[in-house]
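Q: Right, I'll just put the structure down here and ask away after.
The values are calculated or read from the model by the stated rules, or taken from the named source; none is laboratory data. Quantities reported herein were computed from a predicted structural model and do not represent experimental measurements. Reconstructed Cβ throughout: ideal geometry from the backbone, glycine too, with neighbour counts over all protein chains shown. Ligands, DNA and RNA are excluded from the accessible area calculation, which covers all protein heavy atoms including side chains. Shrake-Rupley method; radii C 1.70, N 1.55, O 1.52, S 1.80 Å.
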Amino acid sequence: MRWSVCHFNHLPKWLQDNEYLITGHRPPLRSFRACFWSIFRQHTETINIWTHMLGCFLFLCLWIYFHFVYETLFTWLDKLVFGAFFMGAILCLGFSFAYHMLSCHSPQVGKLFSKLDYCGIALLITGSFIPWLYYGFYCETELRLWYTGVVTVLCGLTILVSLWDNFSEPHLRPLRAGVFALFGLSGIFPGFHWLAKQNWFSDVSLRISFGCLVLMGVLYLTGALLYACRVPERFFPGKCDIWFHSHQLFHILVIAAAIVHYRGISELALHRFNTLQTCMIPTKDMP
């Protein structure tokens, strides 16, 4: 199928998402094969597709690397906890890649994959919470289960909102960014609780892990803000159609934040592994 990129005004309404991107849009392709081959053409979605496609592959490789490097050091439960993070990252980036590749197929396909895209973001946030809560409250089982339960409920609510048919409408972009930002910011409460229980200034590993947690939050929030405000293309209409528009920057910041988070939870996990004895309570029956 031969096609040419088109002007924003020539798109059908269901493909008109960002009026500040003037040219370089894919027309409706109506073919999965044509949508797939479009990833090798230059258009407004090219970088969106490739950033998260390569990001998905990167975290798949990191998961394999983690499994072999820590095969004898970590237990099956440690691997399961990290697996929640890797699975969240892979699903988020994979759904995003699929959505941006297939969004021009038809209104039905575009809406279906946009819902999967938003659900993937919720799964990434949840998967990021789980290892941090597990190792951060390693010795406080009740607190760990309580916070994990709260995060699971918030994830379910976020997914329910994401399945709302109108959630993907262009004019609701600030609402979408706000929903996911608030879900992520809910980590402030266990974060301050953890700080209150740790003398983190005296331990390098805890300083690194907390620094990574803060940096991750800054990267995610910056990406969400750029996405919601459509910066920089808002100030340069037609100049960022192919390169450096807000959605591309958002994608790059999501990958950077996930990498930073992986470093942080790895430091926290190794710290807990090296100080595991602090969770053991001696009794009179112990030798």
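Q: Out of (1) more than 30 Å from Arg33 (Cβ to Cβ); (2) of a type in the set (D, E, K, R); (3) buried (at least 17 other Cβ atoms within 10 Å of the Cβ), the odd one out for Glu140 is which?
A: The number of the failed condition is (3).
Q: Which pairs do you get when a residue that is at positive phi and open to solvent by 20 Å² or more (accessible area, probe 1.4 Å), found in the stretch 262-283, comes within reach of a residue that is at pLDDT 80 or above and outside any helix (DSSP H, G or I), reach meaning Cβ atoms under 9 angstrom, with the pair 6+ apart or on two chains?
A: Correct list of pairs: empty, since none qualify.
Q: Being outside any helix (DSSP H, G or I) and either free of Cβ contacts under 8 Å to residues at least 12 places away in the same chain or in contact with a Pro (Cβ under 9 Å, 6 or more places away or on another chain) (or both) is the filter here; which residues of the stretch 143-181 pass it?
A: Hits for the stretch 143-181 are Trp164, Glu169.
Q: So if I check each of Ile159, Ile121, which one is surrounded by 23 or more Cβ atoms within 10 Å (Cβ to Cβ) and among the β-branched types (Val, Ile, Thr)?
A: Only one candidate passes the filter, namely Ile121.
Q: With the structure loaded, tell me whether Tyr134 is over 10 Å from the mean Cα position of the chain (by Cα), among the aromatic types (Phe, Trp, Tyr), modelled with pLDDT under 95 and open to solvent by 10 Å² or more (accessible area, probe 1.4 Å) or whether it fails that test.
A: Yes.
Q: Report yes if Trp14 is of a type in the set (Phe, Trp, Tyr), more than 21 Å from the chain's Cα centre (by Cα) and under 21 Å from Tyr118 (Cα atoms), otherwise no.
A: Values: of a type in the set (Phe, Trp, Tyr): yes; more than 21 Å from the chain's Cα centre (by Cα): yes; under 21 Å from Tyr118 (Cα atoms): yes.
In short, yes.
Q: Pick out the one residue from Leu62, Leu91 that is open to solvent by 50 Å² or more (accessible area, probe 1.4 Å) and either in a helix (DSSP H, G or I) or touching a residue at least 60 places away in the same chain (Cβ under 8 Å) (or both).
A: Every option except Leu91 fails the conditions.
Q: Give the number of residues within the stretch 193-222 that are at pLDDT 85 or above and buried (at least 19 other Cβ atoms within 10 Å of the Cβ).
A: Number of matching residues: 6.
Q: Here's another thing I want to ask about it. Tally up the residues in the stretch 1-26 that are aliphatic (A, V, I, L, M) and open to solvent by 50 Å² or more (accessible area, probe 1.4 Å), please.
A: 2
Q: Here's another thing I want to ask about it. Of all residues being of a type in the set (D, E, K, R) and closer than 11 Å to Ser103 by Cα in the stretch 18-30, which is farthest from the chain's Cα centre (by Cα)? Just the residue, please.
A: This residue is Arg30.
Q: Further question on the same structure: Find all pairs meeting these conditions: Cβ atoms under 6 angstrom apart; at least six residues apart or on different chains; first residue within the stretch 202-217 and among the polar types (S, T, N, Q); second residue modelled with pLDDT of 85 or more.
A: Here the result reads Ser205/Glu267; Ser209/Gly264; Ser209/Glu267; Ser209/Leu268, each pair linking the stretch 202-217 to a residue that is modelled with pLDDT of 85 or more.
Q: Exactly one condition in (1) surrounded by fewer than 17 Cβ atoms within 10 Å (Cβ to Cβ); (2) in a helix (DSSP H, G or I) is not met by Thr72; state its number.
A: (2) is the only condition that Thr72 fails.
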